[in-house]
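The values are calculated or read from the model by the stated rules, or taken from the named source; none is laboratory data. Just so it is clear, the structure is predicted and the values come from calculations on it, not from any experiment. Cβ placement follows ideal geometry from the backbone for every residue including glycine, while neighbour counts extend to all protein chains displayed. When the accessible area is computed, the model is the full protein with side chains, heavy atoms only, and any ligands, DNA or RNA have been set aside. Shrake-Rupley method; radii C 1.70, N 1.55, O 1.52, S 1.80 Å.
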Amino acid sequence: MAWFKKTRKPIAATKEKSSRVPEGLWLKCPGCAQVIYNKDLSTNLNVCPKCVHHFRIGAAERLRTLFDAEWTEHDVDLASTDPLEFTDTKPYKARLQASRAATGLKDAIIVGTGGIEGICTVVAAMEYDFIGGSMGVVVGEKITRAIERALDLRCPLVIVCCSGGARMMEGALSLMQMAKICGALAHFDKARLPYISVLTDPTTGGVTASFAMLGDLNIAEPMALIGFAGPRVIEQTIRQKLPEGFQRSEFLLEKGMIDFIIDRREMKAAIARALRFMGARATLPAPAPASPAVEPELSHLAIESSRQ
Amino acid sequence: MNVIETLEFEGPIASLLKEIDALDLLPATDARDREVASLRRRLDSTRADLYATLTPWQRVQVARHPSRPGLEEFIRVLFSGFVELHGDRRFADDHALMTGFADYNGQPVLLVGHVKGGDTKEKIYRNFGYARPEGYRKALRAMRLAEKFGRPIIVFVDTPAAYPGIESEERGVAEAIAVNIRDMMLLDTPVIVVVSGEGGSGGALGIAVGDRVLMQEFAIYSVIPPEGCAAILWRHSNKKVEAASALKLTAPDLLKVGIIDEIIPEPVGGAHADPDTATRLVDEALQRALADVSAVDAAARLKARYDKFRNIGRLGREFVDEGNEVPSGSSLPLRDRSNAELPRRTPRTERSLKGQPPRQ
């Protein structure tokens, strides 16, 4: 029996040693399990330089990756009043407070107007760290106002989805935001203005079943979870394991639900290219591009990155 | 004989029904008839007491009652000459969502609605009212037909949800629902929606955009079923009673926030206790709504439909503008501020670097 006791000691010792490495300096990529230097990651738009795993990013970071320079933010101070006075294991008000403190936002979305390669565009980006990016009345109102603003300015609209769906704590009011936004999009569509829906990990529930799927183009980041019902709900319904890759961007592409998959580092160029196809023109001075302004062959790039 | 199934909270009603049934089997005498009559009076008052104070969870149970009149019952009683229209012209015919045309008081209308099915065999055929993407696409196809020929549309909503299965996702149930919601907003014909049973989130809303949204007294309309909400937020599905209360899914709650326009009363004891009266009450409300909406000219009707949904979630009530405490009544307050003033957020991957600059 003594054999086994001896072998345990060295394992315990190595554990203690690992604490000498400063925390957060290195990161293990969940995609390829390789260790990445954190700064390499942030200079690479939070895409793993080794396996192209796309780390989830916040709304403000997202806008920085899309706009040429500074942007004007709209409806900064809209906030929920907790209309249902909802309490589960914790009051909704407390959840709101915690999310506001953690993100510095008042709800799960930032809307801004700025230039994308000089094209004046209204962009709404959802913030997953705010109650799972869920859509309540404020998110619904801000997106609707974003659509109305783009309609007034006659400029393109981009919505970057990153959401678990409708916000349960605002009940059917959340559900109705789907109708509110889709209604505004109906008018936007009639006005023949371009709308690009960008699907990122995750896009599920009521967000998918409304504006996420209504873009003139629906484009997605690689390997994003995109679906209506959550995977666990489906597993419970059919009582079997779901196939590998189910509800991922590549699955949706195969099933004909999205136009193409594009790497985050090429997202801005791809959007600008698509907007130009849809008739948008650069009216703002485009700053000198950081990377060479090459028009990417979108579909080829998309397939390449998804195969890696 | 009473064959109505009673719900678990209807215990006092069930025992009274049992007593009446037992007495019915005895030879008919004056004494028996008197006894039966007094039991019936007690039954009515018990029902009235019970149904005057239903909890939200009890309402959920009533809304799901297997004998609750649904689309097929309404078609049988209120409409004549029903012709069912099948198929979405793309993939298949969905059996959980039914469409067809019929006459309503002599006027041709299009009917759209969920069907849950009666007995087990039929329930399986109807997929328990869980519609697949082709159901929503069939509904839109049929509604386009009604629009083309200027026929009003009447929708009955009664579904637990859109079907959450592999094939639903493969064929884009989210896209089907989204397109329906968007396109129904601009359908150029009167659309009356009646939430008659369960209004189950996107599966309901996918056919429920209309000029008037009516709701039966004990129906429910929710963003998620109470069981699902309990499983996610309480991490235990037996908290469904609490979830049902918290979600504010009852007709009076929804009327307050303007999600529905009118509550259609139900007979004492719920629609399942007296389907004839329930159907008649639906008929009255439907006639009134259809007449009101048809009287308005098309442009005004579409604008009113849009405004109705646009204004769900109002400034000063469901949300506030904290940066702009403006007097109410003024137009949309919009305060912009440049990016420079924004608190700079650090993405998750950078956050851990705080106070520990990387050595380079």
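What to note about this one:
- The one condition in (1) on the phi > 0 side of the Ramachandran plot; (2) part of a helix (DSSP H, G or I) that B:GLY313 fails to fulfil: (2)
- Long-range neighbours under 6 Å by Cβ, at least six apart or interchain, first residue within 7 Å of chain A (Cβ to nearest Cβ) within segment B:164-191, second hydroxyl-bearing (Ser, Thr, Tyr) and assigned to a helix (DSSP H, G or I): B:PRO164/A:THR237; B:GLY165/A:THR237; B:ALA174/A:THR208; B:ILE177/B:TYR136
- Some residue of segment B:129-144 being within 12 Å of chain A (Cβ to nearest Cβ), closer than 17 Å to B:ASP211 by Cβ and part of a helix (DSSP H, G or I): no
- Annotation note: Cβ proximity below 7 Å between a residue of segment B:309-334 that is facing chain A (nearest Cβ under 7 Å) and within 23 Å of B:LYS256 (Cα to Cα) and a residue that is modelled with pLDDT under 90 and not in a strand (DSSP E or B) (sequence gap 6+ or interchain) occurs for B:ASP321/B:PRO333.
- Test: residue in segment A:221-233 that is under 17 Å from A:LYS142 (Cβ atoms) and open to solvent by less than 10 Å² (accessible area, probe 1.4 Å): no
- Filter result for B:ALA96 (more than 16 Å from the chain's Cα centre (by Cα) and over 19 Å from B:ARG151 (Cβ atoms)): no
- A:ALA102 assigned to a strand (DSSP E or B) and surrounded by fewer than 24 Cβ atoms within 10 Å (Cβ to Cβ): no
- Selection from segment A:25-42 of residues that are surrounded by 13 or more Cβ atoms within 10 Å (Cβ to Cβ), more than 9 Å from every other protein chain (Cβ to nearest Cβ) and farther than 17 Å from A:ARG56 by Cβ: A:TRP26, A:GLN34, A:ASP40
- Where B:SER196 falls short, out of the listed (1) within 16 Å of B:VAL213 (Cα to Cα); (2) of a type outside the set (A, V, I, L, M, F, W, C); (3) within 13 Å of chain A (Cβ to nearest Cβ): (3)
Let's see how each residue does on (1) open to solvent by 10 Å² or more (accessible area, probe 1.4 Å); (2) touching a strand residue (DSSP E or B) at 6+ places or on another chain (Cβ under 8 Å):
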| residue | (1), (2) |
| --- | --- |
| A:GLY118 | no, no |
| A:MET135 | no, yes |
| A:VAL139 | no, yes |
| A:ASP152 | yes, no |
| A:GLU170 | no, yes |
| A:PHE188 | no, yes |
| A:GLY215 | yes, yes |
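- Scan of segment B:145-171 for residues that are basic (Lys, Arg) and in a helix (DSSP H, G or I), ordered by number: B:LYS148
- Hey, B:TYR104 in the same structural domain as B:GLY202 (by TED's automatic domain parsing), over 20 Å from the mean Cα position of the chain (by Cα) and more than 19 Å from B:GLY270 (Cβ to Cβ) or not: yes
- Checking each residue of segment A:235-255 against the condition of being modelled with pLDDT of 90 or more, small (Gly, Ala, Ser) and outside any loop (DSSP other than H, G, I, E, B) gives at least one match.
- Listed by first and then second residue, the pairs with beta-carbon distance under 8 Å, at least 6 apart or on different chains, first residue in segment A:257-272 and in a strand (DSSP E or B), second at pLDDT below 95, are A:PHE260/A:LEU298; A:PHE260/A:SER299; A:PHE260/A:ALA302; A:ILE261/A:ALA302; A:ILE261/A:ILE303; A:ILE261/A:SER305; A:ILE261/A:SER306.
- Qualifying residue in segment A:123-143 (condition: under 20 Å from A:LEU275 (Cα atoms) and in contact with a Gly (Cβ under 7 Å, 6 or more places away or on another chain)): yes
To keep it simple, each residue is scored yes or no on (1) over 18 Å from the mean Cα position of the chain (by Cα); (2) in contact (Cβ under 8 Å) with a residue 40 or more places away in the chain.
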residue	(1), (2)
A:LEU193	yes, yes
A:SER197	no, no
A:THR200	no, yes
A:THR204	no, yes
A:THR208	no, yes
A:PHE211	no, yes
A:PHE246	yes, no
